[in-house]
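To start, the structure under review is shown below, and the notes come after it.
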Amino acid sequence: MSTASIETMDQNKISTVYSTPKENKIKSSVSRKIFVVFNYTLLTVLAIVFILPVIHVFFSSISDPYWLNTKSGLVLYPHGVNFTGYRLVFNNKDLVRGFGNTLIYVTSATVIGLIVTIVGAYILSRRDMLFADTIMMLISFTMIFGGGIVPSYIIMQKLALLNTRWAVILPACVSTYNLIIMRTAFQTVPPALEESARLDGAGDLTVIFQVLLPLVKASVATIALYYIIAHWNSWFQASMYLQDRELFPLQLVLREILIVNDANTASSMTTLDAVSDANAFKQLVKYAVIIVSSAPMLVVYPFVMKYFESGVMVGAVKG
């Protein structure tokens, strides 16, 4: 083969090598733009879908009640700004008491849940723990199958917990899903750190709270958020186990207002002299109650949002 033909073949190879990435880059650029446009369009539509109900409820809660009763469809602006709905809500003793009860339930259940979840996850994440995988499998089994409502009620009855605050706090203070997240987070910590602490004389509690927890604080914040939201929105257990209205959480009172329309609740909202027709203010009160019950979660979430993604992703790295 001549030298000229060899040089020609080399040039063809070089041109092929250097032309292909350029073409791929052009194709990649076009596909990337399509992907970005599709993503932004989809996320914009979803944002509108999620934001519109919030706007509707908020503007409805500060609108004129008589105009609101005649309005159909979405309310995208307030008509005759009126805060009577919020005045009625905060003058309702059941709602104020329910708000206080919910704070007690959320705080107690979250603290107990965090302690039990952290300690349980630590024990199950130890490499020298006998039958750790078997125990974890049995715990995970409860995510698929539960005992049912009747057995749970019988247990509460046998333990004399019916119609007490503990009936709301204890049954749901630990979540299997949160336990899995916390256990996985502990397993990602290098064993050398624990070994070094034990060489310095650290015990289990010192290892948990001074060595491991500072390294997995994102996961702790994530499961704390999960517990807070779950207990804040919980009403079903309270409806089963509680008969005393003095112990009702906010969500159970809210359910009566929004769904049951309890006559006593409606009549208790006519304490203001300015309100002459309670039925005209019923819709207004419903919207105001939704805003009042949702506001605390909207306030808390931004403070833990930065930990949320990293805390959840820990569970996706290692099972």
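Here, each number is a calculation from the coordinates, and none is a lab measurement. Predicted model, so just to flag it, every value in this text is computed and none were measured. Cβ atoms come from the backbone with ideal geometry, glycine included; neighbour counts cover every protein chain shown.
At-a-glance table
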| quantity | calculated |
| --- | --- |
| With 10 Å bins from 0: P(r) over the stretch 131-170, alpha-carbon pairs, percent | 26, 35, 31, 7 |
| Where labels lie 7 Å past Cα in the beta-carbon direction, separation of ILE104 and MET129 in nm | 3.4 nm |
| Linear extension gain, ALA295 paired with ILE139, 0.36 nm per residue minus alpha-carbon span | 52.7 nm |
